[in-house]
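See below for the structure under consideration.
Coordinate-derived values only; no laboratory data. Remember, predicted model here, so these are calculated numbers, not experimental data. Every residue, glycine as well, gets a Cβ built from its backbone with ideal geometry; the counts of neighbours run over all protein chains shown.
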Amino acid sequence: MVLLAMEVASHIIGRLHKTERTTVKVWNHLVKHGERMTISERWDPSRPGHRLLDALKKEIHNRGMPSGERIREIAELCDTTAAKVRGAIGYYAELKPSDHTVRVCTGESCRARGADALIKELEDSGERVGELICAGLCACGPAVLRDETVPQCASQQGSGIQFYISQDSTSLAIGSEDIANSLLQHVTEDAALIRTGSRGLFHLEPTLEVDIEGKRHAYGPISSEEIPSILDSISKQQSHPKSLGLVEDLLKNQSRYAMHRFGETNPLDLEAMRALGAYEGLEKAKEVGSKGIIEEIKTAGLRGRGGAGFPTHFKWAAAAAEQTDLKFVVANADEGDAGTFIDRMIMEGDPHALIEGMVICAQAIGASQGKVYLRSEYPHAEIILESALKRARKEGILGEHFDIEIAIGAGSYVCGEETALLESLEGRRGEVRARPPFPTTSGLYGKPTIVNNVLTFALAAAIMRVGGQHYGSLGVESSKGTVVVQATGTLERPACFEIPFGGSIGQILDSWCGCKDVVAVQAGGPLGSVFKMQEMYDIELSFEGLANADGLLGHGGFVCYDKNFDAHKEVIGWMRFFRDESCGKCTPCRIGTQRALELIERLGGDMEKEGDRKLLTDLDDLMTSTSLCALGGLAMNPVRSTMERWPSAFGGEMQ
């Protein structure tokens, strides 16, 4: 019976692409170890793997919505059923035909910077405008995506003077490629232009850096027309109006661990990255083994940076304790919260930090397969990360012992929740699973799985490099280490910076970014609470500080609004987004978000009914206490907090 099953498995594997065989590997693994299961139990057509979503995206993009006959053909090709194919098509936003000529981001940061007015302007000019929620370009919004092909970034090798320009997606949107092309027209053939990740000081971009006698000097923000005068000042050793001084002085107030190598060199130059500490943490991990890794992470006090803040060592220890030969490490790169983009910056500016962190996790729990679930809105990150994975395989960092594949999302905010993400990786609708069991015991294809976000893995690699005791000495008692603050919206100086936990959020935002015109701040993404700016001066930058203020840190994003903040309009926008993105599995969220939207739209207007406010309060309690995941459980956070602070926008106080 076992031999027959292995023959069948071999036949199926031969029909699949090399990177699309996870489901069959699970089945074959069970067979090899003689588990008592029938063939039909071993092969689950309801879990065809992520290859189904890839196939559907290509089909719909190239040929439009498939017919019933074509759906059955796709089902057969992917070893699943037509019902499962139809279910996927009906769920994911990107499995729908579109005729837009341009897309505009309508996430919080871009709305705060005028996305709605821009959409109207484009539509009035005859454009067919498609909307997306967060392109990861929050620092320079509103983001407009027209030609969505990834540009080829100009560079040049040479042994002469060394120039550095960021190729981060935000930097490109601000204009760094114009600077690079202009520079190459004016420098000698022996000069080098090295493309790097961004330093995160977006208000100073486009920035040109140059190595002068072993010290990195910066100029910015600059235009391409200023390149000749800058080069002239460098050659004559004279000052220039756009000189920013030494880069190290610009960064001296940060404690950069996740961002340690950002902007230093080409992220795909592995030798240069190794010289800056890449994979040093992995070497130490190999020396101390599984228990040593988990103990180091525990000592550092690392908590998940994806939003929940759960202690990382607990998850890793739970998965390590499971006795099975097949385990998974999954990086959640579905960074869907508007106002957050550090995961994208890591994948574009230091992809080896993510790879190293995932390999270290695999060492800790005994995993042999890794997945990166990446948003489709990050094509530049995909290209850079895929190149880094190939190099890591060539160097033996990845291979038969542990390898990593990229799976591209298909448009679902809920797939940022770990169990919905796992469902999507299995080729299913991205619906949240009931827990227990937890992914650490029964995750991807029912096997022990660690799901952490990109930033958490990058910090794990840094901790193994510098030591848990050192990293844990930073920050405050329960929020140890560093936090990557992503501050956007109507700020004088939007930025991404890494500092120790602690201190007043208001003072930090004001000193780093300039908050003169800010009246409202949403912390922790769309599900986070909204505060008046003056409140932020009394709230500590930590998990507990925000929790004690009835807020949440989330992924470290802070979206700032000026006097044009329309409380009622924003609340309607949030709830409409939650309704549209609800996976529909639990009734409190599926129905509650729609009913909440109806009530909010009526409040303060002629359509408001007696009892609406009491009903909304009751609905808040129901959704918060009974929803299956954080989308329904936290959906009323921004509504409640905004209505409490700006009651006049809703016609009065809540009951």
Problem - Fraction of antiparallel bridges per DSSP, the chain only, in percent to nearest 5 - result: 50 percent
Completion exercise
Note to self: C-alpha centroids of region 417-451 and region 492-567 sit apart, in Å, by 32 Å
Exercise for the section: Taking the Cβ of each residue in Arg128, Arg465, Arg613, Arg576 as the centre, tally the other Cβ atoms inside 10 Å and list the residues starting with the fewest. Expected result: Arg128, Arg576, Arg613, Arg465
Exercise for the section: Would you kindly derive the ³J(HN,Hα) couplings of region 488-493 from the backbone phi angles with the Karplus curve 6.51 cos²θ - 1.76 cosθ + 1.60 (θ = phi - 60°), listing them in order in whole Hz, with x for Gly and Pro? Expected result: 9, x, 8, 10, 5, 9
Handout entry: Size-normalised alpha-carbon gyration radius of region 473-583, reference 2.2 N^0.38 Å
Key = 1.06
Exercise for the section: Please provide three numbers in whole Å: the alpha-carbon extents of region 130-169 along the principal axes, with the largest listed first. Expected result: 46, 20, 10
Practice task
Take the alpha-carbon positions of region 261-303, form their convex hull, and give its projected area averaged over all directions (one quarter of the hull surface) in nm².
Solution key: 3.9 nm²
Completion exercise
With Rg from the Cα atoms and Rh as the Kirkwood inverse mean 1/r over Cα pairs, region 274-471 has an Rg/Rh of 0.93
Handout entry: Calculated diffusion of the chain, Stokes-Einstein form, Kirkwood radius summed over Cα pairs, 10 °C and 1.306 mPa s, µm²/s
Key = 61 µm²/s
Fill in the blank from the handout: One would report the Cα pair-distance distribution of region 415-474, bin width 10 Å, in %, as 22, 38, 22, 17, 1
Problem - Ratio of Rg to Rh over region 514-574 (Cα coordinates, Kirkwood Rh, two decimals) - result: 0.95
Exercise for the section: Could you list which residues have their amide H under 5 Å from that of Arg303, counting only those 5 or more apart in sequence or on another chain, with H placed in the peptide plane? Expected result: Thr312
Handout entry: For region 532-615, radius of gyration divided by Kirkwood radius, i.e. Rg to Rh on alpha-carbons
Key = 1.03
Fill in the blank from the handout: With R₀ set to 41 angstrom, the calculated FRET efficiency between the beta-carbons of Arg128 and Glu610, to the nearest 0.05, is 0.45
Handout entry: Under the Karplus curve 6.51 cos²θ - 1.76 cosθ + 1.60, θ = phi - 60°, whole-Hz ³J(HN,Hα) for region 296-308, x wherever Gly or Pro sits
Key = 5, 5, 5, 4, 6, x, 5, 10, x, 9, x, x, 7
Exercise for the section: List the lysines whose Cα lies under 28 Å from the Cα of Lys585, skipping any in the same chain that are fewer than 8 positions away. Expected result: Lys57, Lys58, Lys84, Lys96, Lys315, Lys327, Lys371, Lys447, Lys569, Lys614
Exercise for the section: From the C-alpha gyration tensor of region 219-339, pull out the three semi-axes of the equivalent ellipsoid (sqrt of 5λ each), sorted largest to smallest, in whole Å. Expected result: 42, 18, 14
Handout entry: the chain: relative contact order in percent, alpha carbon pairs under 8 Å with at least 6 residues between
Key = 12 percent
Handout entry: For Glu405, residues with placed amide H under 5 Å, excluding near neighbours
Key = Gly370, Lys371, Val372
Handout entry: Under 5 Å, built H, 5+ apart or other chain: amide partners of Val530
Key = Ser641, Thr642
Completion exercise
What helix-only [θ] at 222 nm does the chain give? Using -39500 (n - 2.57) per DSSP H run of at least 4, over all residues, to the nearest 500, the answer is -12500 deg cm²/dmol
Problem - HN-Hα J in Hz across region 527-534 - Karplus 6.51, -1.76, 1.60, θ = phi - 60°, x for Gly and Pro - result: 8, x, 6, 10, 10, 6, 4, 5
Problem - Share of Cα-Cα pairs in region 567-650 lying beyond 18 Å, as whole percent - result: 34 percent
Practice task
Label region 375-453 by shape, choosing from rounded, prolate and oblate, from the square roots a ≥ b ≥ c of the eigenvalues of the Cα gyration tensor; if a/c is under 1.5 it is rounded, and otherwise prolate applies when a/b is larger than b/c, oblate when it is not.
Solution key: oblate
Handout entry: Neighbour-limited loop hits for GluC sites (Glu not before Pro), region 497-590 (at most 16 other Cβ within 10 Å; DSSP other than H, G, I, E, B)
Key = none
Problem - All Cα pairs of region 162-255, percent lying beyond 16 Å - result: 50 percent
